[in-house]
Amino acid sequence: MRTTQYLLATLREDPSDAELISHKLMLRAGLIRKQASGLYTWLPTGLKVLRKVEQIVREEMDATGASEVLMPMVQSADLWEESGRWGDFGPELLRIKDRHHRDFCLGPTHEEVITAMIRDEIRSYKQCPAVYYQIQSKFRDEVRPRFGVMRAREFLMKDAYSFHTSEESLEETYQVMYQAYSNIFNRLGLEFRAVIADTGAIGGSTSHEFHVLADSGEDAIAFSTGSDYAANVEKAEAIAPSETVPNASQEMEKIATPDAKTIDQVSQQLGMPNTQCLKTLIVKGSSETQPVVAICLRGDHELNELKVEKHELVAAPLEMASDEIIKQTTGANPGSIGPVNLNIPMLVDRDAAVMADFSCGANEDGFHFVGVNWGRDATIGEVFDCRNIVEGDTSPDGKGTLEVKRGIEVGHIFQLGTKYSEAMKANVLSENGKSVTLTMGCYGIGVSRIVAAAIEQNHDDYGIIWPDAIAPFQVAIVPMNMHRSHRVAEHAEKLYQALTEAGFEVLFDDRKERPGVMFADIELIGVPHRIVISERGIDAGNYEYKHRRHNDKIDVEIDNALTFLK
Ligand code: ATP
Ligand code: MG
Ligand code: MG
Ligand code: MG
């Protein structure tokens, strides 16, 4: 590729609206441009990288025996009614209407569509396990799109789904996917860890996330120093008290809308007695505070809007966190606690035993807490052993202590069971002729997020340093003053041709630019190998070689340049 015929689109200045280094560099290196909040155009260089990531993912998926399909991005509400998610999904689902006023949504994920397809196409146990995947744009109306393509609204995902007639078969495919994911992140050249996705599922986990390790990661992950134990400490300090908490679960129950400002309004909206809207939180202050019980509402982040009239936190021992303690400590009947006294932006999975390290707080300065754990529904009257995962804790498997690092979630695999297949009646005939409900797994990879994650892990002050496997170009040719020197131009053209023929992707900087400008651009874009051609070098029989990761420059004999790069 000649730079004169190519959209380099590099920027000198740091874009003011980008906080994360990968976001800045993706804009500066001309990889992406913002169209609107959470929506990006991939420019040529960015698209080259994205396609490389995609191809590695595709090859490893194909190697598992999964078949590629392509499902529609626009999905009919009817399917979502069948699964029950049309009502449940919450505001991340972008709902649209066609000209006939029929309801549709932009697919945030494709369980419904694939389950409908399987229901129609797969009839017999002999066709199982049935494993399909696609690489496609997803849309999620994220409450806070940010960090560029890291948390976009439209983004590229690889999503795979498997269907089985037995648990064993599901577990087998799950293991195959786990291995495929490890292969993918190894091939991408990224430092990653697979972690148990839900700390509530410590015993017998059915879900793993794959994290690229980076200090800027939104998730906290706990590693044991004494074993392979690693788990996600759900969304910790990333959430400042005044911010909303991202969707913690799709298993949520009903949600109240932001105009519900009191517990009574919430209970009215949810159609349940207000005792059931109460949750008990075990709140731990930063370090020295005693465990305290606080009252909050179940709801999703929209309840963040809930206005607090009065702050009320009461100290109580963990085991007393029940209706009784609410009564004792606040003097109120749990059923009649009003004006609600906490502003807790939170959506909680009723079944999740532990969701460590949320932040919460009242609308009152000095009453914000980090490291909040979720207890169980106060109305059930039972409290889990809720504790913060903090550095130095004993690992749950008893081996070693926990170390906490930050990670970027780039993949997530899940044993779903029969949630969708049951609701949508995806059955097959078993060996003995009986109809059985299929058991399902799903497996996602954030293809576009990987590009940003790779940059978070691989950059310096000058720009991106691509892992070889996903570099947009392998070699850059930088000729010195080739518009004034015939000799330099001739050598550059010849080398460009030879390298291209040898299968290299070459960026040939044939602009009339000062060397400094060219070097800066090539470094910013992160091309791994750079060849400089100059009069002086040619006189000495050499080109100058430099690797993006190293500082030293090496003279390479002109005739050996090709073999050197190979
Ligand atoms: P997150 O916790 O970051 O919101 P998620 O758990 O909601 O992600 P999944 O439903 O597990 O996401 O989707 C599979 C993968 O898709 C994630 O592991 C992540 O890599 C990617 N992904 C999810 N949301 C986004 C987004 N808004 N922008 C880019 N990639 C995303
Ligand atoms: Mg999410
Ligand atoms: Mg997640
Ligand atoms: Mg996930």
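Over the stretch 46-194, what lengths in whole Å, largest first, do the semi-axes of the equivalent ellipsoid take, defined as the square roots of 5 times the eigenvalues of the alpha-carbon gyration tensor? Show your work: numbers first, answer last.
Working: eigenvalues 140, 111, 34 Å².
Equivalent ellipsoid semi-axes, largest first: 26, 24, 13 Å.
Tabulate in residue order the Karplus-calculated ³J(HN,Hα) for the stretch 137-153, using 6.51 cos²θ - 1.76 cosθ + 1.60 with θ = phi - 60°, rounded to whole Hz; enter x for Gly and Pro.
Rounded to whole hertz, the list is 6, 10, 10, 10, 7, 3, 5, 9, x, 6, 6, x, 6, 4, 10, 9, 8.
When the Kirkwood radius is taken over all Cα pairs of the stretch 14-102, what Stokes-Einstein diffusion coefficient follows at 20 °C and 1.002 mPa s, in µm²/s?
Details: Rh = 16.9 Å.
D = 127 µm²/s.
Going down the list Lys52/Lys97; Lys405/Lys553; Lys24/Lys48, which pairs span over 26 Å between their C-alpha atoms? Mind showing how you got there, number by number?
Working: Lys52/Lys97 35 Å; Lys405/Lys553 36 Å; Lys24/Lys48 18 Å.
Pairs exceeding the cut-off: Lys52/Lys97; Lys405/Lys553.
In the calculated pair distance distribution of the stretch 48-87, what percentage of Cα-Cα distances lie above 16 Å?
Here the tail beyond 16 Å accounts for 59 percent of pairs.
Counting other beta carbons within 10 Å of each residue's own, what order do Ile122, Ile533 fall into, fewest first?
Values: Ile122 18, Ile533 26.
Starting with the residue having the fewest Cβ neighbours, the order is Ile122, Ile533.
What nm value, rounded to one decimal, do you get for the distance between Lys425 and Gln5 when each label is placed 7 Å out toward the C-beta?
Computed distance between label sites Lys425 and Gln5 equals 5.9 nm.
Once you keep just the Cα pairs under 8 angstrom separated by 6 or more residues, what percentage relative contact order results for the stretch 424-536?
Values: 140 pairs, mean separation 35.1, N = 113.
Value for the stretch 424-536: 31 percent.
Using only the alpha-carbon atoms of the stretch 106-216, report the extent along each of the three principal axes, biggest first, to the nearest angstrom.
Cα extents, longest axis first: 47, 34, 31 Å.
Quick one: check the C-alpha center-to-center distance for the stretch 56-72 versus the stretch 22-53, whole angstrom.
After rounding, the separation between the Cα centres reads 24 Å.
Mind jotting down the distance between the C-alpha centroids of the stretch 205-233 and the stretch 519-566, whole Å?
So the separation of the two Cα centres works out to 40 Å.
For the stretch 475-566, rounded, prolate or oblate, judged on the Cα gyration tensor with a ≥ b ≥ c (square roots of eigenvalues), a/c < 1.5 rounded, else prolate if a/b > b/c?
Values: a/c = 1.24, a/b = 1.03, b/c = 1.21.
It comes out rounded by the Cα gyration axes.
Distance from the Cα centre of the stretch 392-415 to that of the stretch 138-196, in angstrom?
17 Å
Any idea what log10 I(q)/I(0) is at q = 0.19, 0.33 Å⁻¹ for the stretch 117-162, Debye with uniform C-alpha scatterers and no solvent?
With one equal scatterer per Cα and no solvent, log10 I(q)/I(0) is -0.68, -1.14.
GluC sites (Glu not before Pro), restricted to the stretch 1-73: which are DSSP loop and have at most 13 other Cβ atoms within 10 Å?
On the way: sites: Glu13, Glu19, Glu54, Glu59, Glu60, Glu68; in loops: Glu13, Glu19.
Those satisfying the criteria are Glu13, Glu19.
Values quoted throughout were computed directly from the atomic coordinates according to the rules given, and no laboratory measurement underlies them. These figures come from a predicted structure and were not determined experimentally. Reconstructed Cβ throughout: ideal geometry from the backbone, glycine too, with neighbour counts over all protein chains shown.
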